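Take a look at the structure set out below.
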Amino acid sequence: MKKLLIIYYSKTGGSEAMANAAAQAGDAEEGVQIVLKRAEKAGPEDMLAADGYIFACPENLAAIAGGMKLFLDECYYPVLGQIEGRPYAAMICAGSEGANALRQLERIATGWRLRKIADTLIVCTHAQTPEQILAPKTIAEADLKKCRETGRALAAGLVMGVF
């Protein structure tokens, strides 16, 4: 059985909703085990045990949110050279654009020599004031559908041996 690891960090619920949508859709595929973990509860052993990955996090201050960045920092060297060629997808929950978080995440994945199987999904919440930024997030159904498509595609590809 193949294993798809979905790692997420979320403070206001947006990235968590996106990760849950991907996990739910991926779980519908037979022959793949979906492992959904918060970044602060995951480590290198989880990365090594998985066949593919989805990373979901918010962009904070034009960068990957701290919780996800810490996970990536703690995993980078322990798994370097051991996960090359594995497929991944990424999802960013942003208040405005998400481009810098996308660049950071994709650079890390490139360093690991992961294979990107889909364009990174950026969901923009348009949260611009301190109150909006700190408020719980609701992700639009159209965006959750894209998250589900990402989860389903990666899970199906793992099962079929496409990745």
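The values are calculated or read from the model by the stated rules, or taken from the named source; none is laboratory data. Computed from a predicted model, the values in this text were never measured in an experiment. Please note: Cβ atoms are built from the backbone with ideal geometry, for glycine as well, and neighbour counts cover all protein chains shown. Heads up: the accessible areas ignore ligands, DNA and RNA and are worked out on the full protein's heavy atoms, side chains in. Shrake-Rupley method; radii C 1.70, N 1.55, O 1.52, S 1.80 Å.
If you go through the stretch 35-71 and keep only what is of a type in the set (Val, Ile, Thr) and open to solvent by less than 20 Å² (accessible area, probe 1.4 Å), you end up with ILE54, ILE64. Among the residues here, SER10 qualifies as part of a loop (DSSP other than H, G, I, E, B), touching an Asp or Glu at 6+ places or on another chain (Cβ under 6 Å) and within 27 Å of ALA135 (Cβ to Cβ).
For the stretch 70-97, which positions are at pLDDT 95 or above and either charged (D, E, K, R) or in contact with a Gly (Cβ under 6 Å, 6 or more places away or on another chain) (or both)? Give the steps one after another, and end with the answer.
Residues of the stretch 70-97 at pLDDT 95 or above: 70-94.
Hits for the stretch 70-97 are ASP73, GLU74, GLU84, ARG86, PRO87, ILE92, CYS93.
Across the stretch 51-86, the number of residues qualifying as in contact (Cβ under 8 Å) with a residue 40 or more places away in the chain and closer than 30 Å to MET160 by Cβ comes to 10. Restricting the search to the stretch 47-79, which residues are assigned to a helix (DSSP H, G or I), among the acidic types (Asp, Glu) and in contact with a helix residue (DSSP H, G or I) (Cβ under 8 Å, 6 or more places away or on another chain)? Matches in the stretch 47-79: GLU74 only. If you go through the stretch 107-138 and pick out every residue that is in contact with a Phe, Trp or Tyr (Cβ under 7 Å, 6 or more places away or on another chain) and in a loop (DSSP other than H, G, I, E, B), you end up with 2. Can you confirm whether the stretch 87-99 contains a residue that is open to solvent by 30 Å² or more (accessible area, probe 1.4 Å), in a loop (DSSP other than H, G, I, E, B) and touching a residue at least 12 places away in the same chain (Cβ under 8 Å)? Checking the stretch 87-99: at least one residue is open to solvent by 30 Å² or more (accessible area, probe 1.4 Å), in a loop (DSSP other than H, G, I, E, B) and touching a residue at least 12 places away in the same chain (Cβ under 8 Å). Considering only the stretch 139-163, state which residues are surrounded by fewer than 19 Cβ atoms within 10 Å (Cβ to Cβ), part of a loop (DSSP other than H, G, I, E, B) and either among the small types (Gly, Ala, Ser) or modelled with pLDDT of 95 or more (or both). Answer for the stretch 139-163, where residues must be surrounded by fewer than 19 Cβ atoms within 10 Å (Cβ to Cβ), part of a loop (DSSP other than H, G, I, E, B) and either among the small types (Gly, Ala, Ser) or modelled with pLDDT of 95 or more (or both): ALA140, GLY161. Looking only at the stretch 1-34, filter to residues that are among the acidic types (Asp, Glu) and within 20 Å of GLY157 (Cβ to Cβ); which one of those is surrounded by the most Cβ atoms within 10 Å (Cβ to Cβ)? Among those residues, the one meeting the criterion is GLU29. The lone criterion from (1) over 15 Å from LEU121 (Cα atoms); (2) open to solvent by 10 Å² or more (accessible area, probe 1.4 Å); (3) outside any loop (DSSP other than H, G, I, E, B); (4) of a type outside the set (Asp, Glu) left unmet by GLN82 is number (3).
Is it the case that SER15 is touching a Pro at 6+ places or on another chain (Cβ under 8 Å) and in a helix (DSSP H, G or I)?
Values: touching a Pro at 6+ places or on another chain (Cβ under 8 Å): yes; in a helix (DSSP H, G or I): yes.
It is true that SER15 is touching a Pro at 6+ places or on another chain (Cβ under 8 Å) and in a helix (DSSP H, G or I).
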